[in-house]
1. So A:Ile52 fits all but one of (1) of a type outside the set (Asp, Glu); (2) more than 11 Å from RNA strand B (Cβ to nearest atom); (3) in a helix (DSSP H, G or I); (4) surrounded by fewer than 19 Cβ atoms within 10 Å (Cβ to Cβ); what number is the exception?
2. Taking only pairs six or more apart or across chains, which ones have beta-carbon atoms under 7 Å, a first residue in segment A:581-597 that is over 12 Å from A:Leu517 (Cα atoms), and a second residue that is within 8 Å of RNA strand B (Cβ to nearest atom) and assigned to a loop (DSSP other than H, G, I, E, B)?
3. Could you list all residues from segment A:420-434 that are over 17 Å from A:Val141 (Cα atoms) and either in the same structural domain as A:Ala563 (by TED's automatic domain parsing) or in contact (Cβ under 8 Å) with a residue 24 or more places away in the chain (or both)?
4. Residues in segment A:298-323 that are within 15 Å of A:Asn176 (Cα to Cα) and assigned to a loop (DSSP other than H, G, I, E, B): how many?
5. Looking at segment A:392-408 only, could you name the residues that are among the β-branched types (Val, Ile, Thr) and over 24 Å from A:Gly489 (Cα atoms)?
6. Does A:Val284 satisfy the criteria of being buried (at least 19 other Cβ atoms within 10 Å of the Cβ), in a loop (DSSP other than H, G, I, E, B) and modelled with pLDDT of 95 or more?
7. Output the number of the condition that A:Leu168 fails; it satisfies all remaining conditions of (1) surrounded by 23 or more Cβ atoms within 10 Å (Cβ to Cβ); (2) closer than 17 Å to A:His256 by Cβ.
8. Which of the residues belonging to segment A:483-507 are farther than 27 Å from A:Phe578 by Cα and either buried (at least 23 other Cβ atoms within 10 Å of the Cβ) or not charged (D, E, K, R) (or both)?
Amino acid sequence: MSQTHARTSRPDDLASQLEAGFRTAIIAALAECTSVAAAQIDPLIKAAANPIFGDFQANFAMSLAKTLGKNPREVAQMVIDCAPASLLELCDPFEIAGPGFVNIRLRPETIATALAQMDNPSLGVSNANHTHTVAVDLCGVNVAKQMHVGHLRATIIGDTIARLFERLGWRVHRQNHLGDWGLPIAMTLAALRRAKVDIARVTLDDLNAAYRNAQAQGRDDEAGLAAAHATGVGAHRIAELEAQHEGAAAAIADAHDTLRRLQSGERGVVADWQKLIDVTMHEVYETAQVLGVDLKPEHNRGESFFRDRLAPTVDAFVKANLAVRDAGALVVRFDGRERPLLIQKSDGTSLYATTDLAAARYRVQDLGAELVVYCVDARQRDHFKDVFDAVKLIGWTVRPDHSQASLVHVPFGAVLGADKRPLKTRSGENFTLKALLDEAIARGRREVHARAASPDAPTASLSPSELDAIGRAVGIAAIKYADLSSDVGRDYVFDLDRMVSFEGDTGPYAQYAHARLAGILAKATALGATSGAIVIATPQERALALNLLRYGSAIEDAAAQLAPNRIAAFIFELANTFNAFYQACPVLRGSDEATRASRLHLCDLTRKVLADALSIMAIEAPSRM
RNA sequence: GCAUGCGUAGCUCAGCUGGAUAGAGCAUCGGUCUUCGAAACCGAGGGUCGUUGGUUCGAAUCCAACCGCGUGCGCCA
């Protein structure tokens, strides 16, 4: 993922101030040189590679020296000599190091001032983006199918990206692209009706079984039949395959009939179909709630929602001469690519690509999204590449205000078992999401109860039900953090033992730091201690402060790159620097009044930022655990 | 076969879009609890960044080729 999808700027940000200052200095230093392009004046301000080099570094000198034909260290000195007062007053004297790096160390007062500025509800994250609109395709469950681990990813990655943009003030449309229409549903429905199942009291497990049976019945083993004839196997086997063949044909015919009746709006069939959706979604909403994911009926924009837009979609491509007949089907072809996009089958019905085209148009032209994010399995890379290209060809990326929208697939990898194969149960079935979450919650609870059993534990006084609630939060945090903390595009090995060890770079580690902070703040309130002006005195305070100041840009980067792991990385760094601070800097004890007030203020701000960052991933931040 | 993604420490992964001595977590080893929560902190060992070329003042990062693994490839979604 290397593209930038959304960019916001914050002129009040410290790094931006440094950048502006150096930009001015570079322009002044180059006043007599006319041969330098405007692009060359980017000061290239970065966080310092190592704290021993300071807080920030400017890397402009090396490349600039190249075009000027001068020594990089000389160029750096020239620029420093032209630094405006507004820049100089922020920093200690600059150092030129190595080949020409400019090391920047902020004055403690600069840090304190910047912290005071971010200590408001925004916490340094710009949220003035109300004119921007994004649509996020997430979850994407199939009706009559149990949710499995793949849906975990589509759901929580999508929710996190949605929350990220909400945090930045964007208008966000969550789009749950349900598989709730078409032949697969009709097959399940037909199978249930054939079996005379009472659809009024059916459970999701029943539906799941019916779905799988229907799929199995419909599987036409023509190839196997041909092979049996060719290789001369026993008549019994051939008869078996022929029966299967006929059974499949009958089941498919029944499904087609059911689909036709559903499409024509036959009352009983539609009611049964609606019931299947209700049963499925009931559990989806329940799971979403367990995960803290904001997913409700109003977010449903499934295949059935687009059913009346399919024919117009196909027509539009035909009229635009973008779709051609090929072996009876309609396909869209692309330059420089062999693979076409199929938008209509030879029997005249449409398929999933058709729905995706209609949905893309809806999101851009009806919802007005300038960015449409698809949180879908990486195996659908080619599919979305084709769909997006088709949408561009026909011009449906043009928004109501005539600007161009961009469509982006955020492909996520598979969840693997210890054997590096897609995660399965011992009996070889897909892990249901529910089973996974139940296990994580059980482990979280066990751990929280075990620690509360110690009489001097801060949680010792809590009731079993309170501990249960915390244990649940811890277990869910472990799963979500593990999923969201590495590059979502990669496969990862699901190892509950590792995630729920609660040590190191985990969700519970962040929660623990938060609980420690909450503990200090509660104790301070009880003691009547108040927070006051921040004074940066120790290396640990400086490190913590600098991390807090990076919050805004961390969140904006995460959004620009559509990379939830950037949020997790920020959270881990913050928790980490806080724990080091906690170890080295007594807050309530052994410090004078002013130091205590300053450190309390630092703790308060850290707790707020940590809780805010966790809330973007919808991970709970308990005050005790 | 074509396309596409990925190869970084024993294991699991970062690496902020080309910058200084490649960083974490787990595991291993050694230190920290009569003082704010030890789910923590401090320290040590551990790497030809798949291989070979190329571009560049400078490459894990960009380009090419090769090796290995994964995934996808017209009437399923």
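The values are calculated or read from the model by the stated rules, or taken from the named source; none is laboratory data. It should be emphasised that the depicted structure is a prediction, and the values quoted were computed from it without experimental measurement. Reconstructed Cβ throughout: ideal geometry from the backbone, glycine too, with neighbour counts over all protein chains shown.
1. Among (1) of a type outside the set (Asp, Glu); (2) more than 11 Å from RNA strand B (Cβ to nearest atom); (3) in a helix (DSSP H, G or I); (4) surrounded by fewer than 19 Cβ atoms within 10 Å (Cβ to Cβ), the lone unmet condition for A:Ile52 is (2).
2. Qualifying pairs under 7 Å: A:Arg596/A:Val587; A:Arg596/A:Leu588.
3. Scanning segment A:420-434 gives A:Lys420, A:Leu423.
4. Residues in segment A:298-323 being within 15 Å of A:Asn176 (Cα to Cα) and assigned to a loop (DSSP other than H, G, I, E, B): 2 in total.
5. A:Ile394, A:Thr397, A:Val398
6. No, not satisfied.
7. It fails just one condition, (2).
8. Passing the criteria: A:Gly489, A:Tyr492, A:Val493, A:Phe494.
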